[in-house]
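Trainee: Here it is: the structure, laid out below.
Throughout, read-outs are computed from the coordinates displayed, never taken from laboratory work. None of these values were measured; they are calculated from a predicted model. Backbone-built Cβ (ideal geometry, glycine too); neighbour counts: all protein chains shown.
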Amino acid sequence: MRLIDSHAHLQSDPFGTDRGAVIEASFEAGVERLLVPGWDAGSSAGALAMARADARIDAAVGVHPHDSSSCSEDEWAEIVRLAADPRAVAIGETGLDYDRMYSPAETQLANLRRHLRLALDTGKPAILHCRSAVGRRDGQDALLAELRAAGFGGAAGRAAFGDRPPAVLHSFSGPVDYALAALALGLAISFSGLVFRRGEEASAEIARLVPAERLLIETDSPYLAPPGVPRSSVPGFGGRRNSPPWVHVTGEWLAHQRGQSPDGIGAGLVAAYDVVFRSHFPA
């Protein structure tokens, strides 16, 4: 089965002792496309360093909503500088997290808005995190409002991206109508091991609705481990450490939901990755 991992934080500390081995194991397991997103200036620089060192890896640069209140103007200037690098194929991870609220809502919104502007300015898609507290959808509704206000799905988005997806809903979580509204704006949707958790049952229906050319999968490593991942032996990291080879579990789930063979869906996932992240860059 051909595989992609469109979101793996391999520059993070849980991979500090075996990063190279994990990367090689990922490609040996069939992962053909691997994107490493940043969550602040330092991790974005780290993602770019990995991409420069290995042509099989792509990077994204940005500030996570959790870190939005601690991002200085100098750090944001560094993100803008890093975004100009050809190995940075996307802007993010950014978005809104109205569940844990590690940064105030207004700070998160300001952070999101400048990322959306940067995505439009560079023609590089935004990678969007979005969570609401259990039983709520205020984060999803606010994200849709910000996308529309920025011009995604309208003339500004078409001018910057043509018919390519202008953003990706990473590690999808939310109701069906939210997904349909995002698809109407031209977005891509990526599924992770989150689909196996209680409360995310809507993802199965949504997985059948996403056009093939806008369908992605990911691990969100080292987080969101799917069934089967053993408990971690990495010092300082409790629970189960996810890594790119485990993306096959979500890939097999997705094939089942869409009534496709693993080989058939794998080829589509690789093609979709290239449309979203690589089609606008020279070979």
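Trainee: Here are several values of log10 I(q)/I(0) by the Debye sum over Cα atoms at q = 0.10, 0.12 Å⁻¹: (i) -0.58, -0.81; (ii) -0.52, -0.74; (iii) -0.45, -0.68. Which one was derived from the coordinates shown?
Mentor: Read-out from the structure maps to (iii).
Trainee: Taking the number of other C-beta atoms within 10 Å as the exposure measure, put THR94, THR107, THR250 in order starting with the fewest.
Mentor: Numbers: THR94 33, THR107 16, THR250 24.
Ascending number of Cβ neighbours within 10 Å: THR107, THR250, THR94.
Trainee: Among the GluC sites (Glu not before Pro) in segment 187-271, which ones are in a DSSP loop with at most 12 other Cβ atoms within 10 Å of the Cβ? Mind listing them? Don't skip to the answer; put the middle values down first.
Mentor: On the way: sites: GLU200, GLU201, GLU205, GLU213, GLU218, GLU252; in loops: GLU200, GLU201, GLU218.
Sparse-neighbourhood loop GluC sites (Glu not before Pro): GLU201.
Trainee: Give the relative contact order (percent, whole number) for segment 3-278; include only Cα pairs under 8 Å separated by 6+ residues. Before the final figure, lay out the partial values.
Mentor: Working: 581 pairs, mean separation 51.7, N = 276.
Relative contact order for segment 3-278 comes out at 19 percent.
Trainee: Want the number for TYR102 to PHE237: 0.36 nm per residue separation, take away the alpha-carbon distance, what's left?
Mentor: Details: separation 135, 0.36 × 135 = 48.60 nm, distance 2.01 nm.
Here the answer is 46.6 nm.
Trainee: Please find, in a Gaussian network model of the chain (springs between Cα atoms separated by less than 10 Å), the residue of SER233, SER221, SER192 whose mean-square fluctuation is greatest.
Mentor: SER233
Trainee: Then there's this: When Lys and Arg each count +1 and Asp and Glu each count -1, what net charge do the other residues less than 12 Å away from VAL195, Cβ to Cβ, add up to? Don't skip to the answer; put the middle values down first.
Mentor: Numbers: positive: ARG197, ARG198; negative: GLU200, GLU201, GLU205, GLU218, ASP220, GLU252.
Here the count lands on -4.
Trainee: For segment 219-257, which trypsin sites (Lys or Arg not before Pro) pass both filters: DSSP loop (anything but H, G, I, E, B) and at most 12 other C-beta atoms within 10 Å? Display every interim value, and only then the final one.
Mentor: Values: sites: ARG231, ARG240, ARG241; in loops: ARG231, ARG240, ARG241.
Those satisfying the criteria are ARG231.
Trainee: Something else now. Could you give the distance between the Cα centres of segment 199-240 and segment 116-157, to the whole Å?
Mentor: Spelled out, the Cα-based centre of one part sits 21 Å from the other.
Trainee: To continue, here is another question. Which net charge results when you count Lys and Arg as +1 and Asp and Glu as -1 among the other residues whose beta-carbon is under 13 Å from that of ALA84? Write down the numbers at each step before the final one.
Mentor: On the way: positive: ARG81, ARG87, LYS124; negative: GLU78, ASP85, ASP121.
Net of charged neighbours comes to 0.
Trainee: Test of understanding: in a Gaussian network model of the chain with alpha carbons linked when under 10 Å, which of VAL270, VAL134, VAL22 would top the mean-square fluctuation ranking?
Mentor: Among VAL270, VAL134, VAL22, the largest mean-square fluctuation in the Gaussian network model of the chain belongs to VAL134.
Trainee: For segment 210-223, what does the Karplus curve 6.51 cos²θ - 1.76 cosθ + 1.60, with θ = phi - 60°, yield as ³J(HN,Hα) per residue in whole Hz, taken in order and with x for Gly and Pro?
Mentor: 6, x, 4, 6, 10, 10, 10, 10, 7, 9, 6, 3, x, 9
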